[in-house]
Each structure stands twice: as C-alpha cells, then as structure tokens.
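Before any comments, here is the structure.
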Amino acid sequence: LLERFLESVAARVGDVEILSGAACAQRYRDPFQLFVDGPPPPAALRPRSVDEVRVIVREANACGVALWPISRGENLGYGGAAPAEEGTVVLDLARMNRILEVNVPDAFCLVEPGVSFIDLFDRLERDGLPLWLSVPGYGLGSVAGNALERGVGNSPYGDHAAQICGLEVVLGDGELLRTGMGALPGSGMWQRHRSPLGPRLDELFLQSGYGIVTKLGLWLMPEPEASAAVEAEIESRESLAGAIDALTRLKRAGVVQDSPVVASYLTQAALHSTRAEWGPPGAALSGEAEGRLRAALGLGWWNARVRVYGPPEVVDLGVARAEHAFAGVPGCTVRVSRWRAGEPMARAHRGLPTAEGLANRNWCGPHGAHIDLAVGLPLSGAEATRYAFFVSETMAAADLDYHAAFYLRDRHILNVVQILFDQADSAMCQVVDAVYFRLIEDAARRGFGLHRAPTRYRAAAMAAYDFGDGAMRRVRERLKRALDPNAVLSPGKDGLG
Ligand SMILES: Cc1cc2nc3c(=O)[nH]c(=O)nc-3n(C[C@H](O)[C@H](O)[C@H](O)COP(=O)(O)OP(=O)(O)OC[C@H]3O[C@@H](n4cnc5c(N)ncnc54)[C@H](O)[C@@H]3O)c2cc1C
C-alpha cells in the first residue's frame, strides 16, 4: 500500500520531494528521545503548494496511508519531527515557505507553514518594517507549527496561539477550509477580525490532528516608542511566593503588558556551563555547589524579569511600579535597561530568533537532551511555591536537576520545567521517564493539567481530562471522525491513544 501510495503521489504531484531510507530516518526522528521506540518513518513527502497537499491527502485516503504533518519539525522537547505511530509518512511542509502578506498598519502577517521565525524576522528587518515578532527560546522552528502547538515567547504577544487570526486548512478528506472571515469570499478582513458569525473554528486545529494548516494569520506587535526590562536576582528559594504575588499585583494594575517570568538559577546556569563543572553526576547538587555556581555566574536562586512597552511615560511608570514591586521581595537586587525608538535596536527588548537556547543541551554532557513538562497553575504565590517545591524535591530524590520557569499570564501561571538528561545514560532515561509519568498523575490530582505534552506522554496527560466519564474524549472522537473520516491525519496526535 505504501509503495502504491508513493508511486501515485509521484505520478500526480510532479514537484513533490520524496525521502525514504537513511535520509528520512536521520531527518524525521526525535533528537531528544529517551528511548528508540520503533523504526523511523518509512517515507517523507515535501510538497510545495496547497494543491499538492490536497492530492497527497486524497491519495492517502485511497491507499489507507497515514500522514504526520509538520511545519519545520523543530518541536524539540516535545517529540521533534517524529510521528507518534509507526508506519506514518511525514508530510513536511517546510518547502511551503512564502510570507504571503505583512500588513504594517494593522500589524499582522499571513504565512505558509514552512516560514521560520528567522525568515519572518529577516523580512521585517530587510524591509525596515516597524513590527516586532515574538519568538520562543529556541528560534529555528516555524511561526505556524509553534503557534499551532500553543508555543510561547517572551513579549506581550508571547501567547502565540492567542495571536492566530484565520487559518487555511486541508481536512482529512481533502476538503479545503478557510476559518473566520476567510470563509467570506473576497473579504479583506481575514486577518483583522476574529469573531465573525458562528463558532470560531481556529481553535479546532490547535494540538488536534484534525487538519493540515496550509496558511496561518498571526497578529504582530507594532514597534513601541520605548521599552524597558526590570530584572531581579532573588536570593532565597523561599522568596518565590512573594515574587509571584508582587508580580501578579503589578500585572493586575495594568501597567505591564508582558508575561513576567520567574526562573530557577539552573535555567541560566545550563546555558553558560555544564553540570560536571559543579558536581558529580548521579547526585543532586550540594548546597555548597549551588552557592559556588550562583556566585560564579551572578545568579539569584530565582531570577525574574518584567518588560514594559509603550510611550516613554508609560514605560517610566511601568519601570517605577516594577521596581516598587521587587522592593517588597526580600533579598532582591534589581537592574533596569531601557531603549527608545531611534537608539540601536540591539538594546530594544524584542525577541531575536536564535539557536542559543540549545546550549543547555550540554548541561548533561555531549549526549544531553531535554523534555518539557508544561503545566498550568493558579496565579497564586503560595500554590505555585507548593507545586515548585514538590516538583523540585521529587526531581532531587531522583538525582535530577530542577530547571523551571513560571510565566505569569492573565489568569494562570504557565510553569515549564525542563528535564535535562544524558541520552547515553540508559538508567537516567528510565528514571526521567518514570518521573515524568508520576508528575502527570500528581498534577491531575492537584487539579492541574498539562498545557502541551511530548508525543510519548500525550495520551497519559490527556487521560486526566475525563469529566463526565470521558465526555471530552467522546466529543473529540466524534470531531475526528467528522473531519478526518479515514483517520489518515496525525495518528496519535490527539492523545486519545
Ligand atoms: C532549548 C529550547 C528552548 C525552547 N523554548 C521554547 C519556547 O520558549 N517556547 C516554545 O513554544 N517552544 C520552545 N521550544 C520547543 C520547540 O523547539 C518550539 O516550540 C518550536 O517552535 C517547535 O517547532 P516547529 O515550530 O518547527 O513546529 P513543528 O515541529 O513543525 O510542529 C509541531 C507539531 O505541530 C503540529 N503541526 C505543525 N505544523 C502543522 C500544520 N501545518 N498542520 C497541522 N499540524 C501541524 C504537528 O503535530 C507537529 O508535530 C524550545 C526547544 C528547545 C530545544
């Protein structure tokens, strides 16, 4: 069947690139995998246009072959480019990489899935456009794939899914859908107006496996007149609750638009040093090692940052309020940096798409990798601290280090814990795996859910959402059957397992 599928795709889609064998195995795996779970995907298809995607989907239906769409496949920490199930053909959309529109007055873009953060950033730079892009900590991925996974960046536009305005989607039966105002022929409102008549369908295609997104509209941040960052080193591990509550009050006062972030010292340490410099493997870092590390790298136990944007008066007020908020947190050292329009852009507080974040790979040595645990918590210092201490102690008991960041959103905290490990240490990989499953169960017991899950843990994380004896599951199964009747798209993606 696979051969028949590949032959008929090759015959009908002249321009498609087909990869198989070693080239496919090398490219479409999860470079951060804990275990070699199964054989690599049998083939990958790299189309150039939506028409080609539709033909491929129709042929997949005819031949009973499953497809795993990816935009650039840089989903590191969450499963990489590898399909969830054996035998699935990768549909790599990286060659569909046109930036179809950048609109300055209304601050949006319309991109194909293969457009990377670097492509879009370069376009804004090259044309001198006064729009800022929110980028994730690792910037080599795609604008579309990241937003579809509900990725995050550090800017007022850092909730990337929340900036989506209008999708074009090929459904599992090959039908082409445009969501929102895109459904109204000839409308110029597709990327401008998110709440047209009827239900908003964009959300159906996030983390779902119900369709292949071939165009994505995204709101961008208009360049502000000024920006500033207020950064604080917080000495004591026990000060987390105070810091979170102070930053929550600051956010609720309406003077900062950004998601303030508080991160443990190891998140920074892993970018600038290796674990071996501070302590032997197979044992939690001693208090002495922790002190030595923090002194050498100039880090608080927690390191927090608030960014402020807008007219200079607004930024001045935000900085003053942020300084005041941090002044109430014991053992806090504050540093402010400012930028104004016309000054060198290197000083502006905007995201740059780089691979620098990948440096933390080396923390556990040359075979280092990580998986992310991303959990939504209440916006409460006491609850966040209880959870942070529980997770860090669970990890310390398993001789794992605690690299964690808390992003303060409007009504909740997004807590991302990076679990760094050595892929060459199979015992450590087993431990990481067991700890991850335990943390999923524990989060559910506390009433917290995962916000995004690595492919391997998706079904376990999804199983916790079982109100009404699995009503969510049944509805999602019905949606899947309606939109992808032969289940040819992204098997295993929905976490229903
Ligand atoms: C050091 C480090 C730091 C990181 N920091 C961050 C961070 O700050 N924020 C963050 O969000 N992530 C972060 N990541 C995780 C990850 O690298 C990024 O989220 C990255 O942008 C995802 O890769 P991608 O955009 O190429 O998506 P892809 O791998 O292309 O897509 C991800 C998944 O989305 C689905 N999908 C993608 N495209 C489509 C489509 N067109 N149609 C239907 N389904 C689709 C598929 O299931 C796919 O597997 C980090 C990773 C590392 C290693």
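If you go through segment 324-341 and keep only what is in contact with a Gly (Cβ under 9 Å, 6 or more places away or on another chain) and either within 16 Å of the ligand (Cβ to nearest atom) or in a loop (DSSP other than H, G, I, E, B) (or both), you end up with GLY328, VAL329, PRO330, GLY331. The set of residues from segment 359-386 being under 19 Å from ASN303 (Cβ atoms) and more than 16 Å from the ligand (Cβ to nearest atom) comprises LEU377, GLY381, ALA384, THR385.
Considering only segment 174-188, state which residues are closer than 29 Å to LEU67 by Cα and assigned to a loop (DSSP other than H, G, I, E, B). Correct list: GLY174, GLU175, THR179. One residue stands out in segment 342-358 among those that are under 18 Å from the mean Cα position of the chain (by Cα) and surrounded by 14 or more Cβ atoms within 10 Å (Cβ to Cβ): the one that is nearest to the ligand (Cβ to nearest atom), namely GLY357. Residues of segment 105-152 that are near the ligand (Cβ under 7 Å from one of its atoms) and among the β-branched types (Val, Ile, Thr): VAL152 alone. Residue count for segment 468-497 under the criterion of being within 16 Å of the ligand (Cβ to nearest atom), under 21 Å from ALA60 (Cα atoms) and not in a loop (DSSP other than H, G, I, E, B): the result is 4.
Values in this text are rule-based calculations from the coordinates and carry no lab data. Worth saying up front: this structure is predicted, and the values here are computed from it rather than measured. Glycine also receives a Cβ, built like all others from the backbone with ideal geometry; neighbour counts cover every protein chain displayed.
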